[in-house]
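The values are calculated or read from the model by the stated rules, or taken from the named source; none is laboratory data. Everything numeric here is computed off the predicted structure, so don't read it as measured data. Cβ placement follows ideal geometry from the backbone for every residue including glycine, while neighbour counts extend to all protein chains displayed. Areas reflect the complete protein model, heavy atoms only, side chains present, ligands, DNA and RNA absent. Shrake-Rupley method; radii C 1.70, N 1.55, O 1.52, S 1.80 Å.
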Amino acid sequence: MANSPLRNSHSALNYLNEVGVLAAQIESEPVGSGNTKREQILQGAMQVFLKQGYAKTSMDRVAATAGVSKQTIYSHFQDKEGLFVALIERVTIRSFLSEFQNPFEGEPQTVLQRIAEKFLAKMDDQEYIAFFRLVIAESARFPELAQLYTRTVVQFGFRNLSAYFEAHPELKIADTEATARIFLGSLVAFVLAQEVLYGKQTMPMEKERLISSLINCVLCQA
């Protein structure tokens, strides 16, 4: 697999870190049989990955579940790793941008509220939570999968929120990158603790309470 996206991350993943490029890509995608077939493959692949895990998932099984030929899968995705990259994009960034074309535009209070609410809404998306668990479960044997998730989701948010803070000097944030990591890292940790580690049974907290406190921590610096 000389052209594996895991081994050539610069060409396969850099575009995922630019919100404008990905947003434009989503808008330009035609609605047609090809796009429908791609979604059909992704839906089938999600079922197989969640049931079998990454290591045991085969393209034969994905093809059978999706109701397509292996050649059709390869015409849309380079290999299993490329298919997994597309799933990460589908359940995370693409979902976020499809609802908010310009999520990092607006007044600070509005932007932070919007980002936090959208991210924590994933707690009610059982497909996303199951996929999150899969990435964590497979990370020991396949650390590159966790790295893919970090690059396409966490790094995406860090870079864009940090850039937003830099564009708003009135917030008087001394370290924009660290503040972006604190804000988004707290959201990731909340989902992890409450849903993946089942903390909502042992140490529950309302999402609204966390969001309000996080926003106050950022804006009180101004």
Can you name every residue in segment 193-222 that is within 18 Å of Ile136 (Cβ to Cβ) and either in contact (Cβ under 8 Å) with a residue 40 or more places away in the chain or not in a helix (DSSP H, G or I) (or both)? Gln194, Glu195, Val196, Leu197, Tyr198
Would you say Tyr74 is in a helix (DSSP H, G or I), more than 18 Å from the chain's Cα centre (by Cα) and among the hydroxyl-bearing types (Ser, Thr, Tyr)? yes
Taking segment 134-152 as the search range and keeping residues that are assigned to a helix (DSSP H, G or I) and of a type in the set (Gly, Ala, Ser), which one is least open to solvent (accessible area, probe 1.4 Å)? Ala146
Hits in segment 153-197 (condition: surrounded by 20 or more Cβ atoms within 10 Å (Cβ to Cβ) and closer than 22 Å to Ala55 by Cβ): Val153
So which residues in segment 153-175 are in a helix (DSSP H, G or I) and basic (Lys, Arg), if there are any at all? Arg159
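So is Ile129 farther than 24 Å from Ala66 by Cα, open to solvent by less than 20 Å² (accessible area, probe 1.4 Å), in contact (Cβ under 8 Å) with a residue 40 or more places away in the chain and not in a loop (DSSP other than H, G, I, E, B) or not?
no
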